[in-house]
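The values are calculated or read from the model by the stated rules, or taken from the named source; none is laboratory data. Just so it is clear, the model here is predicted, and its values are computed rather than measured. Glycine also receives a Cβ, built like all others from the backbone with ideal geometry; neighbour counts cover every protein chain displayed. The accessibility values were calculated without ligands, DNA or RNA, using every heavy atom of the protein model including side chains. Shrake-Rupley method; radii C 1.70, N 1.55, O 1.52, S 1.80 Å.
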Amino acid sequence: MKNTENNKLHQVVIVGGGAGGLELATKLGDSLGRKGKAMITLIDKTKTHVWKPLLHEIAAGSMDPDKHELNYLAQAHWHHFKFRLGSMDNLDRAKREISISPYFDEDGEEVIPRRTVQYDTLIIAVGSTTNDFGVKGASEYSIALDTQDQAEKFHRRLHNALVRAQTQQAPVHAGQLEVVIVGAGATGVELSAELHNTTRELAAYGLDKINPDRDIQISLIEANSRVLPALPPKLSNSVELELSKLRVHLYTGERVTEVTDKGVHTHSGRFIPSVLVVWAAGIKAPDFLHEIDGLETNRINQLVVNRTLQTTLDENIFAFGDCAACPWIGHAGESVPPRAQAAHQQASMLIKSVKCRVAGKTELPEFTYRDYGSLVNLGSYTTVGNLMGSLSGSSLFIEGLFARLMYQSLYKMHLMALHGFWSTALQTLARTITRRAESQVKLH
């Protein structure tokens, strides 16, 4: 009887449990789900959630993901929504139905067969993946930082490379302990600074044959003329100065043409030897979205949406975050930039939109992006950023302790959206206490 009643409820299906999708499922579950006004279902291909801006810390080893990941099943139980494990790979708009591919375990055995899920309102929030632009060898010999698994894979490679260098008889050869990061956006810049710190921390734990200043090199390659090309020049200049202090090798105006198992080639003929290459240049929406069941997509697979975040060809399907191309008011022809703050703002609006649809209202709110500025965290060294003035439209450059507190508050705001104030405060206190008795870097 309960299942029959549930089937009669408005079915809201959210695909993608990133920051925006999980916040949206949690808020809708706490309101519509708890009151029995709608059935909220979240679908994701992984069992746990980690805030994506933290992946560079996991890759560098300064964060243990086991202590920061959130279990979707537990969150669903606590906040009155359903969680389904799997990847969406097809859509039938006529039937209002999505298809979820089979789920296999680490041994290749099928755990969950292919399923279909019905919807009244479908919200796609599958985020983005790294765009290697078809560069030869990039997919084979470099690692992206789109997922927790990828970040952990890079950390294992880095740790193994250090241990190998410690125990081998021969001296460290060129490229053996050099990390090359392709793309000097926020991810690339933050990773380079984090690696400078953690590699030295790791070397201090008994790796006495390794001289970090001599043996461990970090190179950052950017096709643009400056690092952080999407952000104001003043912020870029400040970051470049800090990176030069850390002896990070900056190669701006260099376009990568090939990645091999020995290193990276650029268009100018430069070769940078490295067996540890991270690709952090450019993004695209997942390939399965490309014109899925006739929906309009752009050249990087983003679903084209209007200001209500409804797809242009189907009012029952919404998309937001990195996988959506939403008009940016005041910037003719441009889409809202793929930033965490944009996804958070869109999720907040969609809570109202879904409530309107469940109540039978046809008029929905329209999205206007508000840019509050950007922050770039250089690990334990410094944090820099610019805050946008809401009235004047001008920006205020900030750095140091105040900027770091602002950066940390972004993560706390995400946690509060998922757990509430008191739970987040207690978690923060517990981590502060236990961290004093732990190593500051992951040692395995």
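General remarks:
- Failed criterion for A138 (all others in (1) open to solvent by less than 20 Å² (accessible area, probe 1.4 Å); (2) more than 26 Å from V189 (Cα to Cα) hold): (2)
- All told, L303 meets the bar of being touching a Ser or Thr at 6+ places or on another chain (Cβ under 6 Å), within 30 Å of D89 (Cα to Cα) and either crowded, with 19+ Cβ neighbours inside 10 Å or modelled with pLDDT under 95 (or both).
- With respect to (1) under 22 Å from the mean Cα position of the chain (by Cα); (2) modelled with pLDDT of 95 or more, the lone exception for V264 is condition (1).
- Residue ID - least open to solvent (accessible area, probe 1.4 Å), chosen from residues in the stretch 63-78 that are modelled with pLDDT under 90 and in contact with a Leu (Cβ under 9 Å, 6 or more places away or on another chain): P65
- Qualifying residue in the stretch 285-297 (condition: open to solvent by 50 Å² or more (accessible area, probe 1.4 Å), polar (S, T, N, Q), at pLDDT 95 or above and more than 13 Å from S192 (Cβ to Cβ)): no
- Single residue of the stretch 230-239 satisfying the filter (crowded, with 20+ Cβ neighbours inside 10 Å and of a type outside the set (G, A, S)) that is modelled with the lowest pLDDT: L231
- The set of residues in the stretch 332-344 that are in a helix (DSSP H, G or I) and open to solvent by less than 30 Å² (accessible area, probe 1.4 Å) comprises A342, A343.
- Complete set of residues in the stretch 100-125 that are open to solvent by 20 Å² or more (accessible area, probe 1.4 Å) and not charged (D, E, K, R): S101, P102, Y103, F104, G108, V111, I112, P113, T116, V117, Q118
- Scan of the stretch 349-368 for residues that are touching a residue at least 24 places away in the same chain (Cβ under 8 Å) and in a helix (DSSP H, G or I), ordered by number: M349, L350, I351, S353, V354, K355, R357, V358
- Test result for T311, more than 30 Å from T382 (Cα to Cα), open to solvent by less than 30 Å² (accessible area, probe 1.4 Å), among the polar types (S, T, N, Q) and in contact (Cβ under 8 Å) with a residue 12 or more places away in the chain: yes
- Residue in the stretch 211-219 that is surrounded by fewer than 24 Cβ atoms within 10 Å (Cβ to Cβ) and either at positive phi or in a loop (DSSP other than H, G, I, E, B) (or both) present: yes
- Residue match in the stretch 243-264 (condition: on the phi > 0 side of the Ramachandran plot and basic (K, R)): yes
- Some residue of the stretch 21-35 being open to solvent by less than 60 Å² (accessible area, probe 1.4 Å), at pLDDT below 95 and not polar (S, T, N, Q): no
- Residue in the stretch 141-159 that is of a type in the set (S, T, Y), open to solvent by 50 Å² or more (accessible area, probe 1.4 Å) and not in a loop (DSSP other than H, G, I, E, B) present: yes
- When K35, K95 are checked against the criterion of being charged (D, E, K, R), out of contact with any strand residue (DSSP E or B) (no Cβ under 9 Å at 6 or more places or on another chain) and either more than 29 Å from L145 (Cα to Cα) or outside any helix (DSSP H, G or I) (or both), a single residue qualifies: K35.
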